[in-house]
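Participant: Can you keep this structure in mind? I'll have questions shortly.
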Amino acid sequence: MVSINVTVDGRSESHDVEPRLLLVHYLRDVVGKVGTPIGCDTSNCGACTVSFNGQSIKSCSMLAVQADGGDVLTIEGLAGTVETDLHPMQEAFRECHGLQCGYCTPGMIMAACDLLKENPNPSEAEIREGIEGNLCRCTGYHNIVRAVQTAAASMSGTGVSS
Ligand code: FES
Ligand code: FES
């Protein structure tokens, strides 16, 4: 076993873990952050996307021991980063019906937040490219793109909704 210290959603976590434990299993089974789902376990679907040291990563493609000393933000901590109940990206997904079954949604939102950090005003094509690592089998992506556009407008303070 290996001792690791990781900040998860602003809280310091210290655990002894097996060297082969994936970060997503650590988050869900050890820390209890079950808001981060597992879709494929093979780094294809993006459902397990979290922010690690400020960059979105697929948490099934990283070992928990590699996160030692790092800072992880999951969908469960996202709302806590702003003053309102929901983060503007979460609010926009709700408002624009950017989800159906919701399985892809936590990862999609984390990836979309990362996109807006790099490009606060993306075009539709840039949004589609920015979330291409995150698969959705329900929505056809149209409302997801609208949600990201809405969040971009609300986060830039223009209030324009699409
Ligand atoms: Fe990680 Fe699918 S569960 S990419
Ligand atoms: Fe069902 Fe995206 S809403 S997979």
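Participant: If a residue must be more than 21 Å from Leu115 (Cα to Cα) and either surrounded by fewer than 22 Cβ atoms within 10 Å (Cβ to Cβ) or free of Cβ contacts under 8 Å to residues at least 40 places away in the same chain (or both), how many such residues does the stretch 40-70 contain?
Facilitator: First, the residues of the stretch 40-70 that are more than 21 Å from Leu115 (Cα to Cα): 40-42, 63-69.
Next, only the ones that are either surrounded by fewer than 22 Cβ atoms within 10 Å (Cβ to Cβ) or free of Cβ contacts under 8 Å to residues at least 40 places away in the same chain (or both) stay: 40-42, 63, 65-66, 68-69.
Number satisfying all stated conditions: 8.
Participant: Looking only at helices (runs of 4 or more DSSP H) that lie completely in the stretch 27-122, which have at least 3 residues being more than 30 Å from Ser3 (Cβ to Cβ)?
Facilitator: Helices (runs of 4 or more DSSP H) meeting the threshold: 88-95, 105-118.
Participant: Using the structure shown, decide if Ser61 is under 15 Å from the mean Cα position of the chain (by Cα), among the small types (Gly, Ala, Ser) and more than 9 Å from ligand 1 (Cβ to nearest atom). Talk me through it step by step, then tell me what you get.
Facilitator: On the way: under 15 Å from the mean Cα position of the chain (by Cα): yes; among the small types (Gly, Ala, Ser): yes; more than 9 Å from ligand 1 (Cβ to nearest atom): no.
No, not satisfied.
Participant: Right, next: Quick one: is Ser3 over 13 Å from the mean Cα position of the chain (by Cα), part of a strand (DSSP E or B) and either polar (S, T, N, Q) or closer than 28 Å to Ala152 by Cα (or both)?
Facilitator: Yes; evaluated as a whole, the condition is true for this residue.
Participant: Right, here's the next one. Which condition breaks for Thr7 when tested against (1) open to solvent by 40 Å² or more (accessible area, probe 1.4 Å); (2) within 16 Å of ligand 2 (Cβ to nearest atom)?
Facilitator: Failed condition: (2).
Participant: Out of the residues in the stretch 71-115 that are free of Cβ contacts under 8 Å to residues at least 12 places away in the same chain and within 16 Å of ligand 2 (Cβ to nearest atom), state the one that is farthest from Tyr141 (Cα to Cα).
Facilitator: The residue in question is Arg94.
Participant: For the stretch 116-123, indicate whether the set of residues that are surrounded by 14 or more Cβ atoms within 10 Å (Cβ to Cβ), within 10 Å of ligand 2 (Cβ to nearest atom) and under 15 Å from the mean Cα position of the chain (by Cα) is non-empty.
Facilitator: Checking the stretch 116-123: not a single residue is surrounded by 14 or more Cβ atoms within 10 Å (Cβ to Cβ), within 10 Å of ligand 2 (Cβ to nearest atom) and under 15 Å from the mean Cα position of the chain (by Cα).
The values are calculated or read from the model by the stated rules, or taken from the named source; none is laboratory data. Just so it is clear, the structure is predicted and the values come from calculations on it, not from any experiment. Neighbour counts run over all protein chains shown; Cβ positions are idealised from the backbone, glycine included. Areas reflect the complete protein model, heavy atoms only, side chains present, ligands, DNA and RNA absent. Shrake-Rupley method; radii C 1.70, N 1.55, O 1.52, S 1.80 Å.
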